[in-house]
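Trainee: Quick one: this structure, given as structure tokens, is what I'll be asking you about.
The values are calculated or read from the model by the stated rules, or taken from the named source; none is laboratory data. All values reported here derive from a predicted model rather than from experimental measurement. Cβ placement follows ideal geometry from the backbone for every residue including glycine, while neighbour counts extend to all protein chains displayed.
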Amino acid sequence: MYKALVVDDEPIILEGFDNLISWEEFGIEISAKAENGKAALQIVREEEIDLLITDIRMPEMSGLELLKTIRQEGKSIKVIILSGYDDFQYVKEASKYGIENYLLKPIEENELEETLLHLTEKLENEQKQQNRLQESYQLLRSNILYRWITGAIGEEELTMRAEFLDISLEKQWYQVCACHSVGELNNEHITYLEQLLGCFWTGEKPVVFITLHGELLFLFSWDGSKENVPDLETCFLKHQSKISAKFQSDVFIAVGSMEEGWQGAVKSYQEAKKLLDYRMIMPANSVVSAPRLKDGLPRSVKHISWNKLDDLISSGEEEKACLFLEKIFSDLSVSATPENIRTLTCEILFYLSKDFSGNSEIFSEESLREILYTVDMQVLLVRLKKCVEQVIRWRNSIHAEENPVVMAVMDYVHKHYHEELSLKILAQKYKVNAAYLGQLFKHEIGELFSAYLCRIRIENAKLLLRETSMKTNEISERTGFANTNYFSNTFKKMTGIYPSEYRTMSQLSE
């Protein structure tokens, strides 16, 4: 709502303004009133006022004097002048200082409403223009900051840009921190973080920015002894719960090293980015720094019994094979670095694809990328288990006699997964008993029909999330799910993450 201040030395007119028109319809509220220009000026100085409606002749300070003063003080408040028939010279003078309109007393409702309609439209357009300028400035600033900390900008260009964008390159020490959270970030989050960080950082005002890749980064700078620099890990641990509450999600913060000179920001960022990978094996709400990890985690990983994994897969024991993977990941969570985990993941995928590459869907480029770019250890485990399950089911299917009814059902599901489907519907279509069809399908394919249908729908949903901008509820409907909540929960159960998180991770991996 826009805030209006009404000024008139006649109390009856002041009171009458409330019921003169329906102010709410124009998005305006009368937030203050005054009986002379002097009182009005005090209000303008203390409160945020968007619209000033003032009589031009008043005791102590006239409307004209009020207008002159607020313009001299640099305020761009919209102004409507109220005048009598003999005030033309005053109105003419007032127009020099910028007014939207002048209205003769007694005020005509239609004329006031028409004036307010044009005025609010003007305010909205000005706000949109201001927002566009601010967004352009922030985008340019974030781009320069990112090029700086990644070493992708020369000193001459950085120096020239830094002055315009209010970026300090003169400090003695620089430190970069990275923050990961689920969900979209906006300027409100940035403003909140800048204010929060300013509470414990006594050096140059911290810089908070979001890169084009969606990274949330903090840049700190400091002059003086390195020993007197505030310990950022301790500070973030103290305030992490506030950040998490504001973001309404878990936050993982990686604290880069404190480096000398503006060039040192590159090394600090590289360390923070590397530390951010530890969210794969550490609790969701954690703060991590290099000194904390230096002597914390061993670097060796136990050898995997490939023969045992091969036996479990060959014998079709899905549950035991998945438990085997769970044991491996349980060991990794206390005895490995993110690099170790990624290396082992690659070995498992190579082993599976080398021996069981007959099904291209399981080891498609997209499927492999989805696994290798996973940054959450539990999600990674879910996806690897899914891969093993698919390999076992594929092996079972090629050994089974290809029943024409089952093959027809599978083909129909692939073409009509978005429609209402059930064993009963398909049994009627292919003229077989529903219970028999369910048993036959489970015997030959290795999974229940309902699980197979759900898997096909989720795979198609993932495709739409990656390749379209459709909303979650639209994708839910397009892939045959009854409602959006059921779709989101099923997607989370099968992939380890929600649809919105999957889309974000897919975009980052491109």
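Trainee: Using beta carbons and a limit of 6 Å, which pairs, at least six apart or on different chains, have the first residue in segment 356-379 and in a loop (DSSP other than H, G, I, E, B) and the second one at pLDDT below 75 and surrounded by fewer than 15 Cβ atoms within 10 Å (Cβ to Cβ)?
Mentor: 373/509
Trainee: Across segment 36-72, what is the number of residues that are closer than 22 Å to residue 106 by Cβ and surrounded by fewer than 18 Cβ atoms within 10 Å (Cβ to Cβ)?
Mentor: Looking only at that region, the number is 2.
Trainee: Further question: Being closer than 21 Å to residue 3 by Cβ and surrounded by fewer than 20 Cβ atoms within 10 Å (Cβ to Cβ), is that true of even one residue in segment 76-88?
Mentor: Yes.
Trainee: Within segment 226-256, can you find the residues that are charged (D, E, K, R) and under 23 Å from the mean Cα position of the chain (by Cα)?
Mentor: 242, 246, 250, listed by residue number.
Trainee: Which condition number in (1) under 37 Å from the mean Cα position of the chain (by Cα); (2) within 19 Å of residue 122 (Cβ to Cβ) is the one that residue 31 fails?
Mentor: (2)
Trainee: Which residue out of 217, 158, 145 is of a type outside the set (Lys, Arg), within 15 Å of the chain's Cα centre (by Cα) and under 13 Å from residue 265 (Cβ atoms)?
Mentor: 217
Trainee: Looking only at segment 1-51, count every residue that is in contact (Cβ under 8 Å) with a residue 40 or more places away in the chain and in a loop (DSSP other than H, G, I, E, B) and tell me the total.
Mentor: Qualifying residue count, segment 1-51: 10.
Trainee: Here's another thing I want to ask about it. Suppose we keep only residues that are over 21 Å from the mean Cα position of the chain (by Cα) and surrounded by 13 or more Cβ atoms within 10 Å (Cβ to Cβ) within segment 488-500. Which one would you say is nearest to residue 418 (Cα to Cα)?
Mentor: Among them, the one singled out is 490.
Trainee: Does segment 19-32 contain at least one residue that is farther than 21 Å from residue 115 by Cβ, surrounded by fewer than 19 Cβ atoms within 10 Å (Cβ to Cβ) and not hydroxyl-bearing (Ser, Thr, Tyr)? Don't jump to the end; show me each part of the working.
Mentor: Of the residues in segment 19-32, the ones farther than 21 Å from residue 115 by Cβ are none.
Taking every residue of segment 19-32 in turn, none turns out to be farther than 21 Å from residue 115 by Cβ, surrounded by fewer than 19 Cβ atoms within 10 Å (Cβ to Cβ) and not hydroxyl-bearing (Ser, Thr, Tyr).
Trainee: Another question about this same structure. When the residues of segment 253-283 are filtered to those that are of a type in the set (A, V, I, L, M, F, W, C) and within 20 Å of residue 345 (Cβ to Cβ), which remaining residue is surrounded by the fewest Cβ atoms within 10 Å (Cβ to Cβ)?
Mentor: Here is the first cut: in segment 253-283, the residues of a type in the set (A, V, I, L, M, F, W, C) are 253-255, 258, 262, 265-266, 272, 275-276, 280-282.
If we keep only those that are within 20 Å of residue 345 (Cβ to Cβ) as well, we get 275-276, 280-282.
On the way: 275: 25, 276: 21, 280: 21, 281: 21, 282: 18.
This residue is 282.
Trainee: Related question: Quick one: residue 90 ticks every box in (1) over 48 Å from the mean Cα position of the chain (by Cα); (2) part of a loop (DSSP other than H, G, I, E, B) bar one, so which box is it?
Mentor: Of the numbered conditions (1) over 48 Å from the mean Cα position of the chain (by Cα); (2) part of a loop (DSSP other than H, G, I, E, B), the odd one out for residue 90 is (2).
Trainee: Same structure, new question: Checking the structure you have, find out if any residue of segment 460-474 is touching a residue at least 12 places away in the same chain (Cβ under 8 Å) and in contact with a His (Cβ under 9 Å, 6 or more places away or on another chain).
Mentor: Among the residues of segment 460-474, at least one is touching a residue at least 12 places away in the same chain (Cβ under 8 Å) and in contact with a His (Cβ under 9 Å, 6 or more places away or on another chain), which makes the answer yes.
Trainee: Which pairs do you get when a residue that is touching a residue at least 40 places away in the same chain (Cβ under 8 Å), found in segment 481-510, comes within reach of a residue that is of a type in the set (A, V, I, L, M) and assigned to a helix (DSSP H, G or I), reach meaning Cβ atoms under 6 angstrom, with the pair 6+ apart or on two chains?
Mentor: Correct list of pairs: 494/458; 496/379; 496/382; 497/379; 502/465.
Yes or no, residue by residue, for (1) on the phi < 0 side of the Ramachandran plot; (2) not assigned by the TED database to the domain that holds residue 275:
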{"residue": "145", "(1), (2)": "yes, yes"}
{"residue": "183", "(1), (2)": "no, no"}
{"residue": "204", "(1), (2)": "yes, no"}
{"residue": "216", "(1), (2)": "yes, no"}
{"residue": "231", "(1), (2)": "yes, no"}
{"residue": "234", "(1), (2)": "yes, no"}
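Trainee: Now for a different question. Take the residues in segment 260-289 that are small (Gly, Ala, Ser) and in contact with a helix residue (DSSP H, G or I) (Cβ under 6 Å, 6 or more places away or on another chain), then tell me which one is modelled with the lowest pLDDT.
Mentor: 289
Trainee: Filter segment 66-111 down to the residues that are among the charged types (D, E, K, R) and farther than 26 Å from residue 126 by Cα and list them by number.
Mentor: Narrowing segment 66-111 to residues among the charged types (D, E, K, R): 68, 71, 73, 75, 78, 86-87, 92-93, 96, 100, 105, 108-109, 111.
Once the filter is applied, which keeps residues that are among the charged types (D, E, K, R) and farther than 26 Å from residue 126 by Cα, segment 66-111 yields 86, 87, 105, 108.
Trainee: Something else now. Find the helices (runs of 4 or more DSSP H) located wholly in segment 420-510 whose residues include 1 or more that are farther than 28 Å from residue 214 by Cα, and list them.
Mentor: Those helices (runs of 4 or more DSSP H) span 423-429, 434-445, 449-467, 472-478, 484-495.
Trainee: Any chance you could count how many residues in segment 121-162 are of a type in the set (Gly, Ala, Ser) and touching a Phe, Trp or Tyr at 6+ places or on another chain (Cβ under 7 Å)?
Mentor: Qualifying residue count, segment 121-162: 1.
Trainee: Same structure, new question: Does segment 357-378 include one or more residues that are touching a Pro at 6+ places or on another chain (Cβ under 6 Å) and at pLDDT below 75?
Mentor: At the first step, the residues of segment 357-378 found to be touching a Pro at 6+ places or on another chain (Cβ under 6 Å) are none.
Within segment 357-378, not a single residue is touching a Pro at 6+ places or on another chain (Cβ under 6 Å) and at pLDDT below 75.
Trainee: Residues 510, 474: which one is surrounded by fewer than 16 Cβ atoms within 10 Å (Cβ to Cβ), at pLDDT 90 or above and of a type in the set (Asp, Glu)?
Mentor: Among 510, 474, only 474 is surrounded by fewer than 16 Cβ atoms within 10 Å (Cβ to Cβ), at pLDDT 90 or above and of a type in the set (Asp, Glu).
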